[in-house]
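Chemist: Following this message is one structure expressed as structure tokens.
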Amino acid sequence: MTAPKLRLPVETARLLIRELAEDDLDALYAWRRHPAYRRHLPMPRQTREAVEAELGAILGDQTDYRRLRFLLGVIERKTGRLIGEAILKLAPALRHRQAEIGWAVAEDLKGKGYATEIGRALLDAAFGPLKLHRVFAMCSTENLASRRVMEKLGMREEGTLREHFRARERWWSSHLYAVLADEYRKKRR
Ligand SMILES: CC(C)(COP(=O)(O)OP(=O)(O)OC[C@H]1O[C@@H](n2cnc3c(N)ncnc32)[C@H](O)[C@@H]1OP(=O)(O)O)[C@@H](O)C(=O)NCCC(=O)NCCS
């Protein structure tokens, strides 16, 4: 079974979701370095070198026909500025037709509904062209904004993973949210 291919770019009312490019490094680093970016993410400090290495790995993945992980750039259409990230990770066992989604938005543009718009575009792609069956998302239990985005997307809370991750010398707990293809289609009508 070959991995379904996400057709890009994806356009929404205000955003364009596209592959990241080499010259996106400055914009990507600009919000990755902001303390708010990783406040609720169990990741190490985002140095320019680390972001550059990650971007290099993403660019390398783009030509892999077995690609399962799509870390994409989000452009604000009215300004042409790269303002966020959209993530879609297909589960390796393709017959189950599952994926995880995620989002990030530059600090100065939060609260405009952009993450919700990103999430909706990912779900439309997942349950449309990609023909997936279930899509889930996770956020740290302290990440109230991301949890709210999941609710606005019509995802249902499936539970809390208690202290399932260790980073930055502490345990992290996460909410797990998901939506099934049928549920999403009914809500979208
Ligand atoms: C989480 C994040 C993506 C949200 O982006 P955004 O574009 O501001 O999200 P939206 O505007 O679509 O929706 C945010 C919702 O959360 C609500 N919200 C924001 N902060 C909140 C808080 N502290 N408590 C409760 N609700 C909160 C907003 O009011 C809004 O809900 P509403 O439309 O009902 O008013 C953004 O904060 C971010 O990039 N954070 C850093 C990276 C990250 O944590 N990514 C998620 C990984 S799981």
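The values are calculated or read from the model by the stated rules, or taken from the named source; none is laboratory data. Remember, predicted model here, so these are calculated numbers, not experimental data. Ideal geometry is used to build each Cβ from the backbone, glycine not excepted, and the neighbour counts take in all protein chains shown.
Chemist: Mind counting the residues in segment 152-187 that are touching a helix residue (DSSP H, G or I) at 6+ places or on another chain (Cβ under 6 Å), assigned to a loop (DSSP other than H, G, I, E, B) and more than 16 Å from the ligand (Cβ to nearest atom)?
Modeler: 0
Chemist: Does residue 149 satisfy the criteria of being surrounded by 19 or more Cβ atoms within 10 Å (Cβ to Cβ), more than 8 Å from the ligand (Cβ to nearest atom) and modelled with pLDDT of 95 or more?
Modeler: No: the conditions fail for residue 149.
Chemist: Across segment 125-137, which residue is farthest from residue 34 (Cα to Cα) among those that are within 16 Å of the ligand (Cβ to nearest atom) and either more than 10 Å from the chain's Cα centre (by Cα) or surrounded by fewer than 17 Cβ atoms within 10 Å (Cβ to Cβ) (or both)?
Modeler: By that ranking, first place goes to 135.
Chemist: Please verify whether segment 107-124 includes one or more residues that are part of a loop (DSSP other than H, G, I, E, B), more than 14 Å from the ligand (Cβ to nearest atom) and surrounded by 15 or more Cβ atoms within 10 Å (Cβ to Cβ).
Modeler: Scanning segment 107-124 turns up no residue that is part of a loop (DSSP other than H, G, I, E, B), more than 14 Å from the ligand (Cβ to nearest atom) and surrounded by 15 or more Cβ atoms within 10 Å (Cβ to Cβ).
Chemist: What residue, among those in segment 30-89 that are β-branched (Val, Ile, Thr) and more than 17 Å from the chain's Cα centre (by Cα), is farthest from the ligand (Cβ to nearest atom)?
Modeler: Among those residues, the one meeting the criterion is 63.
Chemist: Give, as residue ranges, the strands (runs of 3 or more DSSP E) completely inside segment 1-103 that count at least 1 residues that are touching a Phe, Trp or Tyr at 6+ places or on another chain (Cβ under 6 Å).
Modeler: 81-90
Chemist: I've got another one for you. In segment 95-122, which residues are in contact (Cβ under 8 Å) with a residue 24 or more places away in the chain and on the phi > 0 side of the Ramachandran plot?
Modeler: Once the filter is applied, which keeps residues that are in contact (Cβ under 8 Å) with a residue 24 or more places away in the chain and on the phi > 0 side of the Ramachandran plot, segment 95-122 yields only 97.
Chemist: Further, regarding this structure: Could you run through segment 145-171 and say how many residues are touching a residue at least 40 places away in the same chain (Cβ under 8 Å), farther than 21 Å from residue 124 by Cβ, of a type in the set (A, V, I, L, M) and in contact with a strand residue (DSSP E or B) (Cβ under 8 Å, 6 or more places away or on another chain)?
Modeler: 0
Chemist: Report, by residue number, each residue of segment 90-124 that is of a type in the set (Phe, Trp, Tyr) and within 11 Å of the chain's Cα centre (by Cα).
Modeler: Answer for segment 90-124, where residues must be of a type in the set (Phe, Trp, Tyr) and within 11 Å of the chain's Cα centre (by Cα): just 103.
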